[in-house]
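The next block holds one structure in the form of structure tokens; read it before the comments.
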Amino acid sequence: MAFDLTCVALLVEGLTGYPQPLFRAIRHPVVWAGTLISALESRLNRTTLPGPARKRNGVLTVLVLLACAMLPALLLEAFLRQFALGVVLAGILGSVLIAQRSLYTYVAAVATALEKGGLAAGRRAVSHIVGRDPEQLDVAGVTRGAIESLAENFSDGIVAPTFWMLVGGLAGGAGYKALNTADSMIGHRNPRYEDFGWAAARLDDLVNLPASRLSGLLIVLAAALLPGCSPGEAWRSMLRDAPHHRSPNAGWPEAAMAGALGISIAGPRSYGGVPAQAAYMGNGRRDIDARDIRAALRLYVAADALLVVFVTLIALAGLVIARG
């Protein structure tokens, strides 16, 4: 278990995020993975191929992607661990696979837009983090979208890469991030990706199972630390509503957050003009606004802090044991 490396990664990313000058210079590993996925998809997902062939090509795409992400990371970590401060350097590299600061920034921007620019500004801001039709959203709809994105990405963007980095070191985190990128690009249930994206979607569901439950639990624990939040209702909402979510994973942190805040999120929405039915998470207030986004952000910060503290304490304990 790579607690030392993961501890460094969490602390560095929490303090610095991913520096914009670095992004402008070399982009981001997610962009690199996306470029590879696009190249493979354009060659292997031809519409003239029968469904079984496209499914096999999708499996091949996932295998190539994971090999390209994990093998260099595995070799690099093995090399760096030979040096006294190698684990620190490996942790700095691993920090780019976690998104604590950027998630807060994007969701807080929606609250600020609603507070200062009203509904139109809120719609523009939330369109950067959700795929539903922004013009169909009222203030409550914009708020729901922001809070759902915060809860789901707490699991996908923070807890899951942390979990797999703990399990597999730099290679585990890199492999997870590559797979999650593939799911977001090709794991869709439509004629183009139904077969080709099958492997990416199913495997992403599988690897997110532990992190989604852990994310819900962290939110329940964080609710116990914050005034105005209900850990009991967070727990009850998670157990009651998460199984009814369209995703096998997203409902756990979403329902926990909704219950903790005493609100209701998810529910029906529209994508590309096509209505989509979805169960509500939580049975609290549906008339919500920017103040509820701020409350959700406070809950997110507390849950993320619990994660960082847990990993750090285990890492320190391991260091003490190693030194006798």
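Based on this model, can you work out whether Ala120 counts as within 18 Å of the chain's Cα centre (by Cα), among the small types (Gly, Ala, Ser) and either open to solvent by 30 Å² or more (accessible area, probe 1.4 Å) or farther than 24 Å from Arg27 by Cβ (or both)?
Spelling it out, it is not the case that Ala120 is within 18 Å of the chain's Cα centre (by Cα), among the small types (Gly, Ala, Ser) and either open to solvent by 30 Å² or more (accessible area, probe 1.4 Å) or farther than 24 Å from Arg27 by Cβ (or both).
Arg189 - would you say it is at pLDDT below 95, open to solvent by 30 Å² or more (accessible area, probe 1.4 Å) and either in a helix (DSSP H, G or I) or within 25 Å of Asn57 (Cβ to Cβ) (or both)?
Taking the combined requirement at face value, the residue satisfies it.
How many residues does the range 270-316 contain that are over 25 Å from Arg236 (Cβ atoms), open to solvent by less than 50 Å² (accessible area, probe 1.4 Å) and either touching a Gly at 6+ places or on another chain (Cβ under 7 Å) or not in a helix (DSSP H, G or I) (or both)?
Number satisfying all stated conditions: 3.
Would you check which residues across the range 83-116 are outside any helix (DSSP H, G or I) and within 21 Å of Gly157 (Cβ to Cβ) and list them?
Selection gives Ile98, Ala99.
Considering the range 235-269 alone, what residues qualify as being outside any loop (DSSP other than H, G, I, E, B) and open to solvent by 10 Å² or more (accessible area, probe 1.4 Å)?
Trp235, Arg236, Leu239, Arg240, Asp241, Pro243, His244, Trp252, Leu261, Arg269
Here is a list of conditions, (1) more than 21 Å from Trp252 (Cα to Cα); (2) at pLDDT 95 or above, and Thr162 meets all of them except one; can you say which number that is?
With (1) more than 21 Å from Trp252 (Cα to Cα); (2) at pLDDT 95 or above applied to Thr162, the lone miss is (1).
If you take the residues of the range 192-225 that are of a type in the set (Asp, Glu) and within 15 Å of the chain's Cα centre (by Cα), which of them is least open to solvent (accessible area, probe 1.4 Å)?
Asp204
When you go through (1) more than 17 Å from the chain's Cα centre (by Cα); (2) surrounded by 24 or more Cβ atoms within 10 Å (Cβ to Cβ) one by one for Gly145, which number turns out not to apply?
(1)
With Val87, Val110, Val59, Val139 as the choices, which residue is under 20 Å from Arg192 (Cβ atoms), touching a residue at least 60 places away in the same chain (Cβ under 8 Å) and not polar (S, T, N, Q)?
Criteria check complete, one pass: Val59.
Scan the range 164-179 for residues that are surrounded by fewer than 24 Cβ atoms within 10 Å (Cβ to Cβ) and farther than 14 Å from Leu71 by Cα and report the count.
So the count comes out to 2.
Give the range 15-66 a look and list any residue that's open to solvent by less than 70 Å² (accessible area, probe 1.4 Å), among the aliphatic types (A, V, I, L, M), more than 17 Å from Gly94 (Cα to Cα) and assigned to a helix (DSSP H, G or I), or say none.
Leu36, Ile37, Ala39, Leu40, Leu44, Ala53, Val59, Val62, Val64, Leu65, listed by residue number.
The values are calculated or read from the model by the stated rules, or taken from the named source; none is laboratory data. Bear in mind that the values here come from a model prediction, so they are computed numbers and not experimental data. Because the Cβ atoms are built from the backbone with ideal geometry, glycine has one as well, and the counts that use them run over all protein chains shown. All accessible areas refer to the heavy atoms of the entire protein, side chains included, with ligands and DNA or RNA removed. Shrake-Rupley method; radii C 1.70, N 1.55, O 1.52, S 1.80 Å.
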